[in-house]
1. Does the stretch 226-239 contain at least one residue that is modelled with pLDDT of 95 or more, within 30 Å of residue 188 (Cβ to Cβ), β-branched (Val, Ile, Thr) and not in a loop (DSSP other than H, G, I, E, B)?
2. Give me the residue from the stretch 172-189 that is outside any loop (DSSP other than H, G, I, E, B), out of contact with any helix residue (DSSP H, G or I) (no Cβ under 8 Å at 6 or more places or on another chain) and touching a residue at least 12 places away in the same chain (Cβ under 8 Å) and, out of that set, farthest from residue 117 (Cα to Cα).
3. Tell me yes or no: at least one residue of the stretch 251-268 is among the polar types (S, T, N, Q), farther than 20 Å from residue 175 by Cβ and at pLDDT 95 or above.
4. Within the stretch 299-339, count every residue that is out of contact with any helix residue (DSSP H, G or I) (no Cβ under 6 Å at 6 or more places or on another chain), outside any helix (DSSP H, G or I) and crowded, with 16+ Cβ neighbours inside 10 Å.
5. Residue 241 versus (1) within 22 Å of residue 99 (Cα to Cα); (2) touching a residue at least 60 places away in the same chain (Cβ under 8 Å); (3) exposed (fewer than 14 other Cβ atoms within 10 Å of the Cβ): which is the lone unmet condition?
6. Only one of these is modelled with pLDDT under 95, surrounded by fewer than 22 Cβ atoms within 10 Å (Cβ to Cβ) and either under 19 Å from residue 313 (Cα atoms) or not hydrophobic (A, V, I, L, M, F, W, C) (or both): 165, 131, 183. Name it.
7. Return the residues of the stretch 63-93 that are on the phi < 0 side of the Ramachandran plot, in contact with a helix residue (DSSP H, G or I) (Cβ under 7 Å, 6 or more places away or on another chain) and not hydroxyl-bearing (Ser, Thr, Tyr); say none if nothing qualifies.
8. Taking the residues in the stretch 191-205 that are more than 25 Å from the chain's Cα centre (by Cα) and either more than 15 Å from residue 160 (Cβ to Cβ) or in contact (Cβ under 8 Å) with a residue 40 or more places away in the chain (or both) as candidates, determine which candidate is surrounded by the most Cβ atoms within 10 Å (Cβ to Cβ).
Amino acid sequence: MKLTRRSALRRLCAAPAAFALGGAFPLLARAAGFTLKYGNNLPLTHPLNIRAQEAADRIRKESNGRVDIKIFPNNQLGGDTDMLAQVRSGGIDFFTPSALVIATLVPVAAINAVGFAFKDYGQVWSAMDGPLGAYVRKAIAQRRLYAFEKMWDNGFRQTTSSKAPVKTAADMDGLKIRVPVSPLPISMFKGLGAAPASLQFSEVYSSLQTRVVDAQENPLPIIQVAKLYEVQKYCSLTNHIWDGYWFIANGRMWEGLPEDLKTVVARGINEAGLAQRDDIRQLNASVQSDLESKGLVFNKPEADSFRQQLRKAGFYSEWRDRFGAEAWGLLEQSVGKLA
């Protein structure tokens, strides 16, 4: 009986200690590791998600399992507006908005989408990997978000039409064209004399099919996936807007990461971004061949007449004033004089 009482007392005395230790171990494990959520609006098969998964795997390995990034693709966590709000609040840790999306929060982020600013990818990456990109990242940081150094690619936007190919700015005159719900492309197409209609992307195919609009503009992979070649005849490689994805993180989360883990995460994400850029370049070449085989007729107009018309319409002067002289000057360092 004494032994039993002693045993019972030992168990009772040990129980609080066991409870405390049992509760402490998970806390220690959580303190040593970080499970982070990344949301985006693209399918798993898109190069962005393929490279993001590679980055997540590499980061998990190089951090010895201390950082585990979970990917939620294809709007699983909501639309762009929802995910932008979530990454700001800390509901998710990473998000990849296009420049036009994050511009609703950081207006200067739309500067890369100035019409006919970039002639080629050389100019794009000179600007976005250089002083202009650094300027935009600083503006993003003021919103308590961290933008990684290397922007990911969404591609140049092209113009399709059911009426006729667009060869010069004069061919835009009166053209009923669908554009995103964003002030910059609306302003640009109005400056070119077109009749832009802001429609959600889900409405594009039916609007082209019923001739509510005669034309639309998007990167080639989007034209392919959405089967717009079924309701369009011509594709003009206008390259009128280049857009990309900023890989952003919640600021509080990023500040809370140990410095060694910041290094691992940043290296993994930035190097994956460089690989994704090359993926998009190769994809565009193969997509054009596929679209040609489906009957879409391609032409490549020169940008000069479009730039001249936009200057005449005051488009560049207006947006220089909106973005500010400093940001505009950094853009022109890479692309030459616009306004």
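1. Residues of the stretch 226-239 modelled with pLDDT of 95 or more: 228-239.
Cutting the leftovers down to within 30 Å of residue 188 (Cβ to Cβ) gives us 228-239.
Retained after the next criterion (residues that are β-branched (Val, Ile, Thr)): 231, 238.
Now restrict to residues that are not in a loop (DSSP other than H, G, I, E, B): 238.
There is at least one residue in the stretch 226-239 that is modelled with pLDDT of 95 or more, within 30 Å of residue 188 (Cβ to Cβ), β-branched (Val, Ile, Thr) and not in a loop (DSSP other than H, G, I, E, B).
2. If we filter the stretch 172-189 for residues that are outside any loop (DSSP other than H, G, I, E, B), which is where we start, we get 172, 176-179, 183-189.
Next, only the ones that are out of contact with any helix residue (DSSP H, G or I) (no Cβ under 8 Å at 6 or more places or on another chain) stay: 176, 183, 186.
Keeping just the survivors that are touching a residue at least 12 places away in the same chain (Cβ under 8 Å) gives 176, 186.
Working: 176: 23, 186: 16 Å.
Per the stated criteria, the residue is 176.
3. Of all residues in the stretch 251-268, those among the polar types (S, T, N, Q) come to 263.
Still in the running and farther than 20 Å from residue 175 by Cβ: 263.
So of that shortlist, the ones also at pLDDT 95 or above come out as 263.
Yes, that holds for at least one residue.
4. So the count comes out to 2.
5. (3)
6. Working: 165 fails: modelled with pLDDT under 95; 131 fails: modelled with pLDDT under 95.
Step by step, each of 165, 131, 183 is checked, and only 183 is modelled with pLDDT under 95, surrounded by fewer than 22 Cβ atoms within 10 Å (Cβ to Cβ) and either under 19 Å from residue 313 (Cα atoms) or not hydrophobic (A, V, I, L, M, F, W, C) (or both).
7. Residues of the stretch 63-93 that are on the phi < 0 side of the Ramachandran plot, as a first pass: 63, 66-73, 76-77, 79-89, 91-93.
Next, from what is left, pick out any that are in contact with a helix residue (DSSP H, G or I) (Cβ under 7 Å, 6 or more places away or on another chain): 63, 66-69, 71, 73, 77, 80, 84, 92-93.
Result: 66, 67, 68, 69, 71, 73, 77, 80, 84, 92, 93.
8. Residues of the stretch 191-205 that are more than 25 Å from the chain's Cα centre (by Cα), as a first pass: 191-195.
Among the residues that remain, those that are also either more than 15 Å from residue 160 (Cβ to Cβ) or in contact (Cβ under 8 Å) with a residue 40 or more places away in the chain (or both) are: 191-193, 195.
Details: 191: 22, 192: 25, 193: 15, 195: 15.
The selected residue is 192.
The values are calculated or read from the model by the stated rules, or taken from the named source; none is laboratory data. These numbers come from a predicted model, not from an experiment. Here the Cβ is made from the backbone with ideal geometry for all residues, glycine too, and neighbour counts use every protein chain on show.
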